[in-house]
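The next block holds one structure in the form of structure tokens; read it before the comments.
Readers should treat all values here as calculations from the given coordinates under stated rules, not as data from a laboratory. Remember, predicted model here, so these are calculated numbers, not experimental data. Positions of Cβ are generated from backbone atoms using ideal geometry, with glycine treated the same way; all protein chains shown enter the neighbour counts.
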């Protein structure tokens, strides 16, 4: 292609536009998600001291970890529908501010009842956050670029483990006793406040729509608005009713449920599994837990790049699920060997985390407008049910048998089921190249008909 041709110029301008958008939005949204997700799972590290200090059983912990998702589930869809009325910027900020305050308030927990109440309120505060961000990204990126962008955002999950593991271990080791507070109390305070601060910054930093983005040139705004309008015309579903009740949305929600079973199993029990392999010191557990998450972050980005480059979605989602299941299986089989268990947990975490980022490319491919806002919330809500089921079931099994092995094997099976269900979604709906080819064929046929007329 001639570098001076209009087509070449358009390609360079397009690349420059999306590069600017990526650098403007992704680092900030990533940081928000990292802090927010850390607030959700830091209870897994607090557990290492909290249960003994408060005389809680593993079943109490499992119930408290899970009740978060009850509040989350009840308010997820209403939250995302409110987003349409008040705007993504304000709603994302509201979620983060209330979420950070309640997370810091976990320091006041003293009884199982107060533990359950605070976890429930934390779920209510966070409801709608992930769908809101994913919906917000559809304002700025077309589907052909969304896998990598979604993965970069979703690396906040594993990176919260990379940063949060050592940080949580250090806080509990070094802050315990300061000003009369236990280490786990300092953990909630020092990891909750930054989330609320980022929520305040979001009000100033984010823009609600492309036309508000003064950091883009006029030509870039025009190009982007045109590209997104063209893509929205190809969406299959548009109405709120479609987003809530359409069989395709319910199928995607079921798939996400099985994948998030594995996600929350890893998120809430990874420190415990590492401890069971023979590691006792909280800081050492935190440092070791960073390894699987760091590997997962790299894998998520590499797989997403391949998915966008090939325009293929289903195999890029199913294979990581299968690999994750294999990793979890071997983590149980070699649970008492720290080196082997760590390798298996790393492979399992890589697979599990990659399924989550890859899954979220599917719903926006078939949902547009209000259907996207509602459908993303429905899928995330159904997935959140696994957040209630997964930690509670493993907690009950550990209390009854003294081992988490059988529960973790159940999570591996759920990943296999989710991977199998992926192939019930028609490839032509979600594979970007097949959708573009189909659209091109329709345009050719339409053009031919007009010529004959």
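What translational diffusion coefficient, in µm²/s and rounded to a whole number, does the Stokes-Einstein relation yield for the stretch 22-452 at 20 °C and a viscosity of 1.002 mPa s, taking the hydrodynamic radius as the Kirkwood radius over Cα pairs?
Numbers: Rh = 21.9 Å.
In µm²/s, the coefficient rounds to 98.
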Practice problem: Post the alpha-carbon centroid distance, the stretch 127-145 to the stretch 251-308, in whole angstrom. | Solution: 23
Self-check item: Cβ-based exposure ranking for 23, 186, in which fewest neighbours within 10 Å come first
Solution: 23, 186
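Summing -39500 (n - 2.57) over the DSSP H runs of n ≥ 4 in the chain and dividing by its residue number, what mean residue ellipticity at 222 nm do you reach, to the nearest 500 deg cm²/dmol? Present the calculation step by step, with values, prior to reporting the outcome.
On the way: 20 runs with 372 residues, N = 453.
It lands at -28000 deg cm²/dmol.
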Quiz item: Can you give the Rg to Rh ratio for the stretch 51-195, taking only C-alpha atoms and Rh from Kirkwood?
Solution: 1.02
Exercise. Report the dimensions of the stretch 267-412 along its three principal axes from the alpha-carbon atoms, largest first, rounded to Å.
Key: 49, 31, 25
Quiz item: Gap in Å between the Cα centre of the stretch 79-97 and the Cα centre of the stretch 334-356?
Solution: 36
Quiz item: Relative contact order for the stretch 22-452 using alpha-carbon pairs under 8 Å, separation at least 6, rounded to a whole percent?
Solution: 26
Quiz item: Going by how many other Cβ atoms sit within 10 Å of their own, how do 246, 174, 179 line up, fewest first?
Solution: 179, 174, 246
Quiz item: What per residue convex hull volume, in Å³, comes out for the stretch 267-341 when only alpha-carbon positions are used?
Solution: 86
Exercise. Just rank 119, 94, fewest to most, by other beta-carbon atoms within 10 angstrom.
Key: 94, 119
Quiz item: In nm, what is the difference between 0.36 nm times the number of residues separating residue 245 and residue 306 and their Cα-Cα distance?
Solution: 18.8 nm
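How high is the FRET efficiency between residue 333 and residue 190 when r is their beta carbon distance and R₀ equals 35 Å, given to the nearest 0.05?
Details: r = 37 Å, r/R0 = 1.06.
E between residue 333 and residue 190, to the nearest 0.05, is 0.40.
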Practice problem: On a 0 to 90° scale, report how tilted helix 369-401 is relative to the longest principal axis of the chain, with both axes built from alpha carbons and the result rounded to the nearest 10. | Solution: 20
Practice problem: Report the calculated FRET efficiency for residue 225 and residue 15 (r = Cβ-Cβ distance, R0 = 25 Å), to the nearest 0.05. | Solution: 0.90
Quiz item: Taking 0.36 nm per residue of separation and subtracting the Cα-Cα distance, what length does fully extending residue 413 through residue 113 add?
Solution: 104.7 nm
Quiz item: Over the Cα atoms of the stretch 9-88, Rg to Rh with Kirkwood Rh, two decimal places?
Solution: 1.22
Quiz prompt | Length added when fully stretched, residue 52-residue 197, from 0.36 nm per residue minus Cα-Cα | solution = 49.1 nm
Quiz item: Helix 43-54: angle to the longest alpha-carbon principal axis of the chain, degrees 0 to 90, nearest 10?
Solution: 20
Quiz item: In degrees, nearest 10, range 0 to 90: what is the angle between the Cα axis of helix 156-174 and the longest Cα principal axis of the chain?
Solution: 20
